[in-house]
Amino acid sequence: MSIFEHVKAKARECVKRIVLPEGDEPRTVQAAAKLAQEKLVIPILLGGPERIQSVAKEVGADISGIECIDPKASPKASAYAEALYELRKAKGVTLEAATQLVQDPMYYGVMMVKLGDADGLVSGAVHSTGDMLRPALQLIKTKPGNKVVSSSFLMDCPNKNLGHNGLLVYSDCVVVPCPTAEELAYIAISAAETARVLCGIEEPKVAMLSFSTKGSAKHELVSKVQEATRLAHELAPELALDGEMQLDAALVPEVGASKAPGSPVAGHANVLVFPDLQAGNIGYKMTQRIGGATAFAVLQGLAKPCNDLSRGCSVDDIVATVLCTAVQAQARD
Ligand SMILES: CC(C)(COP(=O)(O)OP(=O)(O)OC[C@H]1O[C@@H](n2cnc3c(N)ncnc32)[C@H](O)[C@@H]1OP(=O)(O)O)[C@@H](O)C(=O)NCCC(=O)NCCS
């Protein structure tokens, strides 16, 4: 079963409300219509109702029955502004500023999720990653027991001998440029959760990647990965996680057996944790462009799910990201 089929089947089990702040963006409107028609989620579109209706007409999308909310005219705006002010006043946000902020659909959408009026949020067909992430980081914050928001790429590789029937989870490739050892440990634990929740990998095997395997090289960068491995073991002793190890030791059974004998992960890893964002971002693009894998990104570690789109996304990409968000929301129930 592909990741898409997996999340589609899961989403139907308990239908979630997902808010789409870019509610008048044509691909978003088409995706919302598709999701509502198939009863996979309850989409909520933010924006001026007339503009949303006219976009729906232009793209031939039936949005009858889909809730559209105009943040500028919403009766809930003042309650959201009050709540935002309470959450951010220590950071210097005034009530006036909060009142302005909630007129912005991104902030309004994040407050809907924060206060439970929606179960998750998807944005980024227009906004940059940073503009999408900042309100979520500031207001929704990390989930209890976690200290860092990061991302995973779900990589579906043509070579089905790799990972879990060709599925590999790569982390972090989008958010944290230069993680500390502690942040790397939390990233690893979040990636294992993503593998379980979104890929149906019941036993994630997490490899902490480096240019060294089990002390074969000595360098401060290697020491950081060793420390992250130690901390991750402390935080999640039940998790099959090992490191530091090179990519071939993580994926190839013979190399794993020779370089890391007795490791519960080496040779059979299905979750790869990269030491920093440069390695992770380059790694996923190499797998995609040279290895022919399909790549799909999600955020992890937030108290409630919010996901980012690429600005070049298709309608199907938005549908898939909304479904992943709904399944992440189910896992929070
Ligand atoms: C994620 C990112 C946007 C954060 O932006 P930023 O301007 O650095 O944000 P700030 O440092 O002002 O932090 C804003 C808030 O988010 C929190 N925060 C930032 N990064 C966080 C993270 N990874 N996890 C949890 N909280 C985080 C900060 O603690 C801060 O909280 P506070 O305001 O309550 O004190 C930034 O790290 C970034 O640009 N990452 C790379 C994204 C990128 O370009 N990716 C390219 C690949 S597509």
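The values are calculated or read from the model by the stated rules, or taken from the named source; none is laboratory data. Just so it is clear, the model here is predicted, and its values are computed rather than measured. All Cβ positions, glycine included, derive from the backbone under ideal geometry; neighbour counts span all protein chains shown.
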Margin query: Here are the criteria: (1) crowded, with 23+ Cβ neighbours inside 10 Å; (2) touching a Lys or Arg at 6+ places or on another chain (Cβ under 8 Å); (3) of a type in the set (A, V, I, L, M, F, W, C); (4) under 30 Å from Ala36 (Cβ atoms). Tell me which single one Ala260 does not satisfy.
Written below: (4)
Checklist line | Qualifying residues in the range 145-155 (those that are more than 10 Å from the ligand (Cβ to nearest atom) and modelled with pLDDT of 95 or more) - the one surrounded by the most Cβ atoms within 10 Å (Cβ to Cβ) | finding: Ser152
Check: So which residues in the range 56-72 are in contact with a helix residue (DSSP H, G or I) (Cβ under 8 Å, 6 or more places away or on another chain) and in a strand (DSSP E or B)?
Finding: Cys68, Ile69
Margin query: Exactly one of these conditions fails for Glu13: (1) surrounded by fewer than 19 Cβ atoms within 10 Å (Cβ to Cβ); (2) more than 25 Å from the chain's Cα centre (by Cα). Give me its number.
Written below: (2)
Check: Hey, any hits in the range 277-296 for a residue that's of a type in the set (A, V, I, L, M), part of a strand (DSSP E or B) and over 19 Å from Glu227 (Cα atoms)?
Finding: yes
Note to self: Consider the range 1-30. How many of its residues are part of a helix (DSSP H, G or I) and either touching a strand residue (DSSP E or B) at 6+ places or on another chain (Cβ under 8 Å) or under 17 Å from Cys313 (Cβ atoms) (or both)?
What the structure shows: 8
Note to self: Being out of contact with any strand residue (DSSP E or B) (no Cβ under 6 Å at 6 or more places or on another chain), without any contact (Cβ under 8 Å) to a residue 60 or more places away in the chain, surrounded by 14 or more Cβ atoms within 10 Å (Cβ to Cβ) and closer than 28 Å to Leu323 by Cβ: is that true of Ala33 here?
What the structure shows: yes
Check: How many residues, within the range 283-333, are without any contact (Cβ under 8 Å) to a residue 60 or more places away in the chain, of a type outside the set (Val, Ile, Thr) and over 17 Å from Gly23 (Cα atoms)?
Finding: 3
Item checked: Every residue from the range 249-267 that is touching a helix residue (DSSP H, G or I) at 6+ places or on another chain (Cβ under 8 Å) and either under 20 Å from Leu184 (Cα atoms) or of a type in the set (S, T, N, Q) (or both) -> Ala249, Ala250, Ser263, Val265, Ala266
Next item on the list: Looking only at the range 172-183, count how many residues are aliphatic (A, V, I, L, M), within 12 Å of the ligand (Cβ to nearest atom) and outside any loop (DSSP other than H, G, I, E, B).
Entry: 0
Item checked: Hey, Tyr170 in the same structural domain as Val15 (by TED's automatic domain parsing), at pLDDT 95 or above, buried (at least 23 other Cβ atoms within 10 Å of the Cβ) and in contact with a Phe, Trp or Tyr (Cβ under 7 Å, 6 or more places away or on another chain) or not -> no
Notebook entry, point to check: Here are some conditions: (1) closer than 20 Å to Lys114 by Cβ; (2) away from the ligand (no atom under 15 Å from the Cβ). Ile290 meets all but one. Which one does it not meet?
Noted result: (1)
